[in-house]
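Structure first, commentary second.
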Amino acid sequence: MTEILLSLLILAGAMFTFIGSLGLARLRDFYTRLHGPTKATTLGLGCLLIASAVYFSVHEAGISLHEVLVSLFLFITAPVSAHLLAKAALHLKLKSLVPTPAPDNDSPAPERNRAD
Amino acid sequence: MRRLLPHPLLSLTLALLWLLLVNQLSAGHVVLGGLLGWLIPFATSAFWLEPVRIRHPLTLLHYLGILILDIVHGSFHVAYLILRGPARLRPVFVEVPLALETPLAISLLANTISLTPGTVSALLSGDRRTLIVHALDTDDGDALVRKIKQRYEAPLKKIFEEGNDRC
């Protein structure tokens, strides 16, 4: 029973990670490409991590909670890096499928305190 | 009290993180976690200009629930869009005018937007008044902005900024 659950989770995880990478390769401009890795891959990794937590909780003594931490850090860092990539792309005026907004680069943005 | 323990929430979070990291609950680790949770806020006090206050813990829980559902839903949606092929995407940049003021709430909103269906936050304007968001596939940018404001910004405002007297 556990094995079936684990295989399903791992398969789903692999599928979502693959689709995320596919998006990275297939989509047409930088900004749309950002979407694949930030979302589909996040859920894919989530599935793999749940599978890992279940496996180690069943097969070893005690409940394995490291995966909670991994997903927590993942959910904190993935959007931040996506945001920075998009910001850098706007700054460099990368080619886009749609009109890009004019970034107000005349005055440098004040240092933000990223609290996470 | 405030001088001794400047950020009680941060301390508690750090102590819990430590316990999760060592993955065992023994008295020694509780003490060590507590000690780290007490010391680290002092070392990083430059990053925490104002103490974080959570006004409505239940709203926060509700918000996290919505967020998790939306992440799952968003992943399926984006997976579908990628598989359907790039030719039929209608990407667009929208500007979300922000009602939030504290840096923490704004960064949480930006993170939320990046994690939820088809949107990535791309740029915060220099005066922190507008957030530029890239949507993967939408036919009505205004509706998207309204949705972001209602679904995510309003609860964040309620949780972190209600009753703030500074402007």
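The values are calculated or read from the model by the stated rules, or taken from the named source; none is laboratory data. Given the structure is predicted, the values throughout are model-derived calculations rather than measurements. Neighbour counts run over all protein chains shown; Cβ positions are idealised from the backbone, glycine included.
Miscellaneous remarks
- Selection of the stretch B:48-93 for residues being of a type in the set (Gly, Ala, Ser) and loosely packed, with under 15 Cβ neighbours inside 10 Å yields B:65, B:85, B:87.
- The stretch B:118-131, subset surrounded by fewer than 24 Cβ atoms within 10 Å (Cβ to Cβ) and of a type in the set (Gly, Ala, Ser), residue farthest from residue A:38 (Cα to Cα): B:126
- Enumeration of residues in the stretch B:110-137 that are among the polar types (S, T, N, Q) and at pLDDT below 80: B:116, B:125
- Test result for residue B:60, under 17 Å from residue B:149 (Cα atoms) and either part of a helix (DSSP H, G or I) or more than 8 Å from every other protein chain (Cβ to nearest Cβ) (or both): yes
- Answer residue from the stretch A:16-50, given it is within 7 Å of chain B (Cβ to nearest Cβ) and aliphatic (A, V, I, L, M) and is surrounded by the most Cβ atoms within 10 Å (Cβ to Cβ) among those: A:40
- Out of A:90, A:9, one residue alone is surrounded by 15 or more Cβ atoms within 10 Å (Cβ to Cβ), under 27 Å from residue B:88 (Cα atoms) and more than 12 Å from the chain's Cα centre (by Cα). It is A:90.
- Residue that is farthest from the chain's Cα centre (by Cα) [pool: residues in the stretch B:17-29 that are at the interface with another protein chain (Cβ under 10 Å from one of its Cβ atoms) and among the aliphatic types (A, V, I, L, M)]: B:25
- The set of residues from the stretch A:1-20 being among the hydroxyl-bearing types (Ser, Thr, Tyr) and either modelled with pLDDT under 90 or within 13 Å of residue B:136 (Cα to Cα) (or both) comprises A:2, A:17.
- Answer from B:159, B:113, B:68, B:82 - the residue that is within 11 Å of another protein chain (Cβ to nearest Cβ), over 19 Å from residue A:84 (Cβ atoms), under 17 Å from the mean Cα position of the chain (by Cα) and not in a loop (DSSP other than H, G, I, E, B): B:68
- Per-region count, the stretch B:132-156, residues more than 14 Å from the chain's Cα centre (by Cα), within 14 Å of chain A (Cβ to nearest Cβ) and either surrounded by 22 or more Cβ atoms within 10 Å (Cβ to Cβ) or of a type outside the set (A, V, I, L, M) (or both): 8
- Residue within the stretch A:60-67 that is in a helix (DSSP H, G or I) and surrounded by fewer than 19 Cβ atoms within 10 Å (Cβ to Cβ) present: yes
- Taking the stretch B:125-150 as the range and being in contact with a helix residue (DSSP H, G or I) (Cβ under 7 Å, 6 or more places away or on another chain) and either in a helix (DSSP H, G or I) or of a type outside the set (D, E, K, R) (or both) as the test, the residues that pass are B:131, B:133, B:134, B:135, B:136, B:138, B:148.
- Which numbered condition residue B:55 fails, given (1) touching a residue at least 40 places away in the same chain (Cβ under 8 Å); (2) within 13 Å of chain A (Cβ to nearest Cβ): (2)
- Qualifying residue in the stretch A:21-37 (condition: modelled with pLDDT of 85 or more and touching a Pro at 6+ places or on another chain (Cβ under 8 Å)): yes
- Across the stretch B:94-108, a minimum of one residue is classified as assigned to a strand (DSSP E or B) and crowded, with 19+ Cβ neighbours inside 10 Å.
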